[in-house]
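Trainee: Just dropping this structure here.
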Amino acid sequence: ARKANRTILSEFESKQILAAYGIPIVKTVTATSKAEAVEAANSMGYPVVLKLFSETITHKTDVGGVQLNLKDAEAVEWAYDAIKDAVSHKAKPEDFLGVTVQPMLNLNEGYELIIGSSIDPQFGPVLLFGLGGQLVEVFKDRALGLPPLNTTLARRMMENTKIYEALKGVRGRKAVDLEELEKLMVRFSYLIVEQPWIKEIDINPLLASSERLIALDARVVLHEQEISQEQLPEPAIRPYPVQYVKPWKLKNGLDVTIRPIRPEDEPAIVEFHKTLSEESVYMRYFNMMKLSRRIAHDRLTRVCFIDYDREMTLVADYINPETGKPGILGAGSLSKLHGVNEAEFAMLVSDAYQCQGLGTEILRRLIQIGRTEKLDRIKGETLPENAPMQRVCEKVGFAIERGGDYVRLSLELG
């Protein structure tokens, strides 16, 4: 489209982008003549929908560009001419390039939703979720968010709309698969982050029922040709740093994945804290912090939901061979300090998995992240009696300053 100096994608092109990100789309066939439209309708079966195929018009209903519930070939031919005539009168004849043919789905079986994105001057790309369909601007039941999403943030967006209560099931209707809707919203948010040339995009409607989620229509507008890549708006939130996700093996042969923490790790972090001895807690927090305080939701929200630009927490997760459930064996954090190009680190490993090299490996990865992020120095403090932590730090190159109530740890990265 950009090579052709276009800023508007056709509906067909827009849906292909959605499909590339695993978002289900209704079967859509382009027809540039009545005969092609009838052939497509006969192939997919009646009833069908005809929509305007255009590279210049995105709001098809505004120009009479949609005809629904066409039950035979004669109705398809009539609808083709009707759309062509309407566009010629309400827009320009050259805006009509043909039609798209789609199966007519039963909208009464679910809810019409909208998922979209546009550019905010301050925050860059902003996501929208809510009640969709032709009356989207009338009801204005919507929630906003910043990409990229995770499943927790996607659910929060849903919860901030009135339609959410209906999606959970109401008046005999089965509930929509909300977990699958969360995943769809996450994929859509990554589309926004990874395709910065998109200025506006929306799926309206997204048909959501207990059986399926499917995009019935899509609209994509690109940034103007004169904008350079350096001028493209950037997301306000840094995407999940997948480059720091790597496998590792403990000395006992257990396979783990060391990766940045995610908001949905909160339940696993709760279970992780339950495995810690009083000694491990005291060595980490310099006091006997109670379990109830360590696993309080308000605290863990701050621990698990972080700004990756200012803080990086790595966790070592694994699959418990006895239960088959995921768990966390250790965690280490790197927090940038205000006013200086330095960060403070902290670490904690489950008692049952200490002395397996895990703490050393997490610290090594935090150091590498510090270098990648171009920090000048990493530092921390530990108790004089925490000899294991001091040994780990010496092993990876930290300078140790003993004396006083705390042992100071420092590593120059420059």
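Rundown of residues vs (1) at pLDDT 95 or above; (2) under 26 Å from L184 (Cα atoms); (3) of a type in the set (D, E); (4) out of contact with any strand residue (DSSP E or B) (no Cβ under 8 Å at 6 or more places or on another chain), yes/no style:
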site: V63; (1), (2), (3), (4): no, no, no, no
site: N69; (1), (2), (3), (4): no, no, no, no
site: K90; (1), (2), (3), (4): no, no, no, yes
site: L105; (1), (2), (3), (4): no, yes, no, no
site: N108; (1), (2), (3), (4): no, yes, no, yes
site: G116; (1), (2), (3), (4): yes, yes, no, no
site: P125; (1), (2), (3), (4): yes, yes, no, no
site: L128; (1), (2), (3), (4): yes, yes, no, no
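Trainee: Ok, one more. Step by step: first the residues of region 320-347, then only those that are surrounded by fewer than 20 Cβ atoms within 10 Å (Cβ to Cβ) and of a type in the set (A, V, I, L, M), then the one that is farthest from W248 (Cα to Cα). Which residue is that?
Mentor: At the first step, the residues of region 320-347 found to be surrounded by fewer than 20 Cβ atoms within 10 Å (Cβ to Cβ) are 320-327, 335-342, 344, 346.
Checking the rest, the ones that are also of a type in the set (A, V, I, L, M) come to 337, 340, 346.
Working: L337: 29, V340: 32, A346: 20 Å.
Result: V340.
Trainee: For region 61-94, which positions are surrounded by fewer than 21 Cβ atoms within 10 Å (Cβ to Cβ) and either under 15 Å from F12 (Cα atoms) or of a type in the set (V, I, T) (or both)?
Mentor: T61, V63, V66
Trainee: What residue, among those in region 137-152 that are out of contact with any helix residue (DSSP H, G or I) (no Cβ under 7 Å at 6 or more places or on another chain) and crowded, with 16+ Cβ neighbours inside 10 Å, is farthest from F305 (Cα to Cα)?
Mentor: Here the residue is R142.
Trainee: A further question on this structure: Just one of L131, L146 is in contact with a Lys or Arg (Cβ under 8 Å, 6 or more places away or on another chain) and among the aliphatic types (A, V, I, L, M); which is it? First the steps, then the outcome.
Mentor: Values: L146 fails: in contact with a Lys or Arg (Cβ under 8 Å, 6 or more places away or on another chain).
Exactly one of L131, L146 is in contact with a Lys or Arg (Cβ under 8 Å, 6 or more places away or on another chain) and among the aliphatic types (A, V, I, L, M), namely L131.
Trainee: I would also like to ask the following. When region 120-144 is examined, which residues are found to be of a type in the set (V, I, T) and within 17 Å of the chain's Cα centre (by Cα)?
Mentor: Going residue by residue through region 120-144, those that are of a type in the set (V, I, T) are 126, 136, 138.
Hit for region 120-144 is V126, nothing else.
Trainee: What is the residue count in region 173-203 for residues that are under 12 Å from S117 (Cβ atoms) and not in a helix (DSSP H, G or I)?
Mentor: 8
Trainee: Of the conditions (1) over 29 Å from I227 (Cβ atoms); (2) surrounded by fewer than 17 Cβ atoms within 10 Å (Cβ to Cβ); (3) touching a Ser or Thr at 6+ places or on another chain (Cβ under 7 Å), F12 satisfies every one except a single condition; which number is it?
Mentor: (1)
Trainee: Criterion first (modelled with pLDDT of 95 or more, in the same structural domain as I57 (by TED's automatic domain parsing), charged (D, E, K, R) and part of a helix (DSSP H, G or I)) does E94 satisfy it?
Mentor: Working: modelled with pLDDT of 95 or more: no; in the same structural domain as I57 (by TED's automatic domain parsing): yes; charged (D, E, K, R): yes; part of a helix (DSSP H, G or I): yes.
No: the conditions fail for E94.
Trainee: With a cut-off of at least 2 residues that are touching an Asp or Glu at 6+ places or on another chain (Cβ under 6 Å) and either closer than 29 Å to E112 by Cα or among the hydroxyl-bearing types (S, T, Y) (or both), name the strands (runs of 3 or more DSSP E) lying wholly within region 206-264. Quick ask: steps written out before the conclusion?
Mentor: Working: elements: 213-215, 218-222, 246-249, 255-260.
Answer list for region 206-264: 218-222.
The values are calculated or read from the model by the stated rules, or taken from the named source; none is laboratory data. Quick caveat, the model's predicted, so the values are computed rather than measured. For neighbour counting, all protein chains shown are included, and Cβ atoms are generated from backbone atoms with ideal geometry for every residue, glycine included.
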